[in-house]
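One structure is given below, encoded as structure tokens.
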Amino acid sequence: MSNIPAELKYVASHEWVRVEADGTLTIGITDHAQGALGDLVFVEVPKVGRKLAANEACAVVESVKAASDVYAPVAGEVSAINEALASTPELLNSDPYQAGWMWKLKPANPADVAALLDAAGYAKVLETA
Amino acid sequence: MSEPLIFERSSPGRAAHAQRPAAAQQLSAIPESLRRKAAPAMPEVSELQAVRHYTRLSKRNFSIDTHFYPLGSCTMKYNPRACNTLAMLPEFLQRHPLAPMSHSQGFLACMYDLQEILKDVTGMAGVSLTPMAGAQGEFAGVAMIRAYHRARGDSARTEILVPDAAHGTNPATATMMGYTAREIPTDAEGDVDIEALRAAVGPQTAGIMLTNPSTLGVFERRIKQIAGIVHDAGGLLYYDGANLNAILGQVRPGDMGFDVIHMNLHKTFSTPHGGGGPGAGAVGVSQRLLPFMPIPIVGKDGDHFRWLDEADLPQSIGRLSTFMGNAGVLLRAYVYARMLGRDGMRRVAEYATLNANYLQARLRAQGFDLAFPGRRASHEFIVTLKRQKQQLDLTATDIAKRLLDYGFHAPTVYFPLLVPECLLIEPTETEDKATLDLFVDALVAIWAEAKRDIAYVKGAPYTMPVRRLDDVRAARQLDIRYQPAR
């Protein structure tokens, strides 16, 4: 069973969201997603300053098996990216919720986060998949 | 045993001419000013060394001529020798592409006939043979869709719809032509989700790209309804010919309502492919796209064949290659089509489908899980190893590698992306029952091995010149160019 931290929010397309103290959102892909993809060999994150719509495909994760899009959980502007992923994509495999974070987002509407799945809701998504 | 690179065999001054006297090697006709000052970085080997090197490598090929090659969605069928023999006639080989039309009537007649045969078997109004590969055929097809909308002064169409089961080339082509690719989901039975399609079409829809049978190995049953929905919205239908082999002579894309189709002649019409190619991606169009076809096309005035060019098709999307595509490959496809005839083409689809369904039924009986157990296979089908992965940690890659030891090329693995741990298996019509049975035996044996000793299967292959590669390290530390030792 994959790790689903209780304090995070989730999207059915396997992204996680952490609300930071200053209101920005940190975003990555879940433990389940990295396990399903296998060893990652390439990660592309959106540029800082890019404005994203909710559910917009804005990042790519590529394993030896397949390349997959990663989607913006809510609308907002990219405020920071994890530069380390360019040279060490394996961080997404080894530590998906901490060192493997992908980008930070300044949400257009902070209330949007409330509509995302909680840990129990995401666990249900995985069960029925 | 590993074979060194030809560069590693190199020795300064060694050359093909070996014992031939130096006086006979003078190329004195080339003026001094035109000769290069430094030698090119080519391997310096004798003729015999070069011959042995490449002969040894060729003996290690896994190819149609040596092994069963059930690579799904690739239609790796046998290429009849007769096609090659006739296409290699000196009268074809030695015809210069700039030879006058009066001296090229034989070649042009073959190309004209091939256009007519392809029109007939696909139900399209026109065919251009010039695209040099499947990807270029797709490019040409979407370029014609764009040209059609522009010619009507309709610039609002910015989207191409693509089912999530599509080949990756479809959204890539749409994007390359300046469209936004919009994904349409597939339902649990493998058909396009009609309600999602209805919700997605509109005045922004330029067209939809479909493969039928789809990459899931099933026939899209509501194709007429889909065609109606897209046409009513003003969009066009693009047929990806990847799986044309399944329906050859049985159903025609033109009758299903498609406006443009590309045919992979290197698949359906049995010209060499899979690294051997080159490919050929002929396109067929409905009446309304005729003016936009890529040139040159072969036309006929009475008994005389001639190239149709810009003067004949002023709205053409233009030329895709210097001459007429891969002419030698087109000749092979022509011979193949003529050898089969109308009845033979029907048999191609029937036997391709029969072989796939036989293999599917036998694997199901042996306990393998099908991705779409409720559907009949078209010419290919999908086995999912989701259960074996959970129970034994046996993956699609493990089976693919171990199959090599049993003398079979692996099926397509991890595609389509929708199905976890999948094998996409396409036997084609050219395999006999005995081979299919041996393939089933091998899969059953590998599963049994995995139950006994999964580590052994994960160590495969054992009989190949190269053992299991570290594909993750290879991708992370890309090293693909030879660097001479200094």
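Key figures
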| quantity | calculated |
| --- | --- |
| Residues satisfying the stated conditions in the range B:372-397, i.e. in contact with a strand residue (DSSP E or B) (Cβ under 8 Å, 6 or more places away or on another chain) and away from chain A (no Cβ under 14 Å) | B:PHE372, B:GLU380, B:PHE381, B:ILE382, B:VAL383, B:ARG387 |
| Criterion: among the basic types (Lys, Arg), in contact with a strand residue (DSSP E or B) (Cβ under 8 Å, 6 or more places away or on another chain) and either under 30 Å from B:ALA349 (Cα atoms) or at pLDDT 95 or above (or both) - qualifying residue of B:ARG146, B:ARG150 | B:ARG146 |
| Pair list, Cβ under 8 Å, 6 or more apart: the range B:400-425 residue over 18 Å from B:ALA450 (Cα atoms) and in contact (Cβ under 8 Å) with a residue 40 or more places away in the chain, other residue buried (at least 20 other Cβ atoms within 10 Å of the Cβ) and acidic (Asp, Glu) | B:PRO411/B:GLU426; B:THR412/B:GLU426; B:LEU424/B:GLU380; B:ILE425/B:GLU380 |
| Sole residue being part of a loop (DSSP other than H, G, I, E, B) and surrounded by 12 or more Cβ atoms within 10 Å (Cβ to Cβ), chosen from B:GLU431, B:GLU449 | B:GLU431 |
| Spans of helices (runs of 4 or more DSSP H) in the range A:24-129 with at least 1 residues out of contact with any His (no Cβ under 8 Å at 6 or more places or on another chain) and away from chain B (no Cβ under 14 Å) | A:31-37, A:119-128 |
| Boolean, B:ALA87 is of a type in the set (Gly, Ala, Ser), surrounded by 10 or more Cβ atoms within 10 Å (Cβ to Cβ), within 22 Å of the chain's Cα centre (by Cα) and in the same structural domain as B:ILE247 (by TED's automatic domain parsing) | yes |
| Number of the exception - B:VAL162 against (1) in contact (Cβ under 8 Å) with a residue 12 or more places away in the chain; (2) surrounded by fewer than 20 Cβ atoms within 10 Å (Cβ to Cβ); (3) among the β-branched types (Val, Ile, Thr) | (2) |
| Unmet criterion (only one of (1) surrounded by 14 or more Cβ atoms within 10 Å (Cβ to Cβ); (2) of a type outside the set (A, V, I, L, M, F, W, C); (3) more than 18 Å from B:GLY277 (Cα to Cα)) for B:THR55 | (1) |
| Test: residue in the range B:398-409 that is under 27 Å from B:ASP187 (Cβ atoms), within 14 Å of chain A (Cβ to nearest Cβ), within 23 Å of the chain's Cα centre (by Cα) and of a type outside the set (A, V, I, L, M) | no |
| Of all residues in the range B:452-472 being within 14 Å of chain A (Cβ to nearest Cβ) and loosely packed, with under 13 Cβ neighbours inside 10 Å, the one that is nearest to A:LEU91 (Cα to Cα) | B:ASP470 |
| The range B:161-212: number of residues that are more than 18 Å from B:GLY137 (Cα to Cα) and assigned to a loop (DSSP other than H, G, I, E, B) | 13 |
| Subset of the range A:8-63 (residues that are farther than 16 Å from A:ALA75 by Cβ, small (Gly, Ala, Ser) and surrounded by fewer than 22 Cβ atoms within 10 Å (Cβ to Cβ)) | A:ALA12, A:ALA21, A:ALA33, A:GLY35, A:ALA36, A:GLY38 |
| The range B:360-384 - residue that is modelled with pLDDT of 95 or more and among the aromatic types (Phe, Trp, Tyr) and, of those, surrounded by the fewest Cβ atoms within 10 Å (Cβ to Cβ) | B:PHE368 |
| Residues of the range A:18-49 satisfying the condition of being hydrophobic (A, V, I, L, M, F, W, C) and farther than 14 Å from A:GLN98 by Cβ | A:VAL19, A:ALA21, A:LEU25, A:ALA33, A:ALA36, A:LEU37, A:LEU40, A:VAL41, A:PHE42, A:VAL43, A:VAL45, A:VAL48 |
| Test: B:PHE305 is among the aromatic types (Phe, Trp, Tyr) and either loosely packed, with under 14 Cβ neighbours inside 10 Å or within 24 Å of B:LEU86 (Cα to Cα) (or both) | yes |
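For (1) more than 14 Å from the chain's Cα centre (by Cα); (2) surrounded by fewer than 14 Cβ atoms within 10 Å (Cβ to Cβ); (3) closer than 30 Å to B:ARG387 by Cβ, each residue gets a yes or a no:
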{"site": "A:ASN82", "(1), (2), (3)": "no, no, no"}
{"site": "A:SER87", "(1), (2), (3)": "yes, yes, no"}
{"site": "A:ASN93", "(1), (2), (3)": "no, no, yes"}
{"site": "A:TRP101", "(1), (2), (3)": "no, no, no"}
{"site": "A:PRO110", "(1), (2), (3)": "yes, no, no"}
{"site": "A:ALA114", "(1), (2), (3)": "yes, yes, no"}
{"site": "A:VAL125", "(1), (2), (3)": "yes, no, yes"}
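Results for (1) under 23 Å from the mean Cα position of the chain (by Cα); (2) touching a residue at least 24 places away in the same chain (Cβ under 8 Å); (3) buried (at least 19 other Cβ atoms within 10 Å of the Cβ), shown as yes or no for each residue.
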{"residue": "B:LEU265", "(1), (2), (3)": "yes, yes, yes"}
{"residue": "B:ALA282", "(1), (2), (3)": "yes, yes, yes"}
{"residue": "B:LEU289", "(1), (2), (3)": "no, yes, yes"}
{"residue": "B:ILE295", "(1), (2), (3)": "yes, yes, yes"}
{"residue": "B:VAL298", "(1), (2), (3)": "no, yes, yes"}
{"residue": "B:ASP301", "(1), (2), (3)": "no, no, no"}
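The values are calculated or read from the model by the stated rules, or taken from the named source; none is laboratory data. Not measured: the values here are computed from a predicted model. When we count neighbours, we look across all protein chains shown, and the Cβ atoms used for this are built from the backbone with ideal geometry, even at glycine.
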